[in-house]
Amino acid sequence: MTTIATVGVLGGGLMGSGIAQVAALNGFTTIVREVDEPSAQRARSSIEKSLGKAIEKGKLTEEARAATMSRLTFTTVVADLAFADIVVEAIIEDLELKNEIWKELNALCPAHTIFASNTSSLTIAAMAAVSGRGDRMVGLHFFNPVPVMKLVEVVKTVTTSEETFSRAFDFAKRLKKEPIAAKDNSGFVVNLLLVPYLLDAINALEHGVASVEDIDKGMMLGTGYPMGPFTLLDFVGLDTTYKIAEIMFDEYREKRYAPPPLLKRMVLAGYYGKKSKRGFYDYSVEPPVVSALGL
């Protein structure tokens, strides 16, 4: 069994940069591939900023930051991932785009390289079928923010070999994460249960059950959740939630996964949550206030 030493990360956005940071921090030589040089530099800056915050909080030393950055390489060339022992894909939820890159990488990478997708809603089987190495493909679903969240869903599809699953599971542990085994169904464990809850909160708001603030407060104080559903939606991203819900509804054809009309209207209006400064809450002011949604 080949030991994983070099990690390739496809995509240096929020999730990809987090995965790369954690890999490099834990001793892996890590190569991040982005589509262009500005995107690659943004990924580097994001990691440097995150490590800087860890130092400010006393959770990381300057030496550890320097060692972590020394293990990181940023590139725009897919072929630079050719000698990675595992490639973790963290690009947008576009199956066709993902599969194009998997096919390209299959021709470049050695036989032992594991392909892993960080998809949160697509099935791994849909990628394994065209990857050219269905027995060496798994899901590795990390959670945002990756440096903080401990969970990783390790997803085995029907073609994944036991050796590949074992290596991927062990890799997650070496990242100091807590892996759980999940079946290859859209949404895996967490989103399968979480997405209907978030969509139900939006439906409740549309039906006048209570206000944004009171639904958030009710779920926090009544169930002990660290944040209410609307705060969580803004944090995850309304556009991301909408895309995930569409994929899951297409998979299951169950009403509980259907994106509510209000969610669609907000996404069309550019209300994506914290990243756009406007979602269910308005983040252009401090403290944030509930957005005017025209209900």
Cβ-Cβ under 9 Å pairs, at least 6 apart or on other chains, region 248-259 side modelled with pLDDT of 95 or more, far side loosely packed, with under 11 Cβ neighbours inside 10 Å and in a helix (DSSP H, G or I): Phe249/Lys255
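Conditions tested, residue by residue: (1) surrounded by fewer than 17 Cβ atoms within 10 Å (Cβ to Cβ); (2) over 25 Å from Met15 (Cβ atoms); (3) among the basic types (Lys, Arg); (4) touching a residue at least 24 places away in the same chain (Cβ under 8 Å).
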{"residue": "Phe171", "(1), (2), (3), (4)": "no, no, no, yes"}
{"residue": "Val190", "(1), (2), (3), (4)": "yes, no, no, yes"}
{"residue": "Leu205", "(1), (2), (3), (4)": "no, yes, no, yes"}
{"residue": "Asp214", "(1), (2), (3), (4)": "yes, yes, no, no"}
{"residue": "Tyr225", "(1), (2), (3), (4)": "yes, no, no, no"}
{"residue": "Leu233", "(1), (2), (3), (4)": "no, no, no, yes"}
{"residue": "Gly237", "(1), (2), (3), (4)": "no, no, no, yes"}
In this structure, does Ala90 turn out to be among the small types (Gly, Ala, Ser) and touching a Lys or Arg at 6+ places or on another chain (Cβ under 7 Å)? no
Quick one: Phe169 ticks every box in (1) hydrophobic (A, V, I, L, M, F, W, C); (2) in a helix (DSSP H, G or I); (3) under 20 Å from Ser117 (Cβ atoms); (4) under 16 Å from the mean Cα position of the chain (by Cα) bar one, so which box is it? (4)
Are any of the residues in region 94-116 in the same structural domain as Ala20 (by TED's automatic domain parsing), under 16 Å from Lys156 (Cα atoms) and of a type in the set (Asp, Glu)? no
List the residue pairs whose Cβ atoms are under 7 Å apart, where the first residue sits in region 25-43 and is in the same structural domain as Ala67 (by TED's automatic domain parsing) and modelled with pLDDT of 95 or more, the second is in a helix (DSSP H, G or I) and among the polar types (S, T, N, Q), and the two are 6 or more positions apart or on different chains. Leu25/Thr68; Ala43/Ser17
Of (1) without any contact (Cβ under 8 Å) to a residue 60 or more places away in the chain; (2) surrounded by fewer than 20 Cβ atoms within 10 Å (Cβ to Cβ); (3) in a helix (DSSP H, G or I); (4) not aromatic (Phe, Trp, Tyr), Val158 fails just (3)
From the list Val158, Val138, Val148, which one is under 14 Å from the mean Cα position of the chain (by Cα) and β-branched (Val, Ile, Thr)? Val148
Out of all the residues in region 222-268, which are of a type in the set (S, T, N, Q) and under 21 Å from Asp94 (Cα atoms)? Thr240, Thr241
For region 1-24, which residues satisfy the criterion of being assigned to a helix (DSSP H, G or I) and at pLDDT 95 or above? Met15, Gly16, Ser17, Gly18, Ile19, Ala20, Gln21, Val22, Ala23, Ala24
Quickly run through region 104-134 and pick out the residues that are in a helix (DSSP H, G or I) and touching a Ser or Thr at 6+ places or on another chain (Cβ under 7 Å). Asn106, Ala125, Met127, Ala128, Gly134
Positions within region 74-103 being within 23 Å of Arg42 (Cβ to Cβ) and in a helix (DSSP H, G or I), in sequence order: Val78, Ala79, Asp80, Leu81, Leu97, Lys98, Glu100, Ile101
Selection over region 264-295 where residues are within 20 Å of the chain's Cα centre (by Cα) and either part of a helix (DSSP H, G or I) or loosely packed, with under 14 Cβ neighbours inside 10 Å (or both) yields a count of 4
With (1) more than 12 Å from the chain's Cα centre (by Cα); (2) over 16 Å from Ile19 (Cβ atoms); (3) touching a residue at least 60 places away in the same chain (Cβ under 8 Å) as the list, and Ile114 as the residue in question, which single condition is left unmet? (2)
Restricting region 47-62 to residues that are in a helix (DSSP H, G or I) and farther than 21 Å from Thr6 by Cα, the one farthest from the chain's Cα centre (by Cα) turns out to be Glu62
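The values are calculated or read from the model by the stated rules, or taken from the named source; none is laboratory data. Remember, predicted model here, so these are calculated numbers, not experimental data. Neighbour counts run over all protein chains shown; Cβ positions are idealised from the backbone, glycine included.
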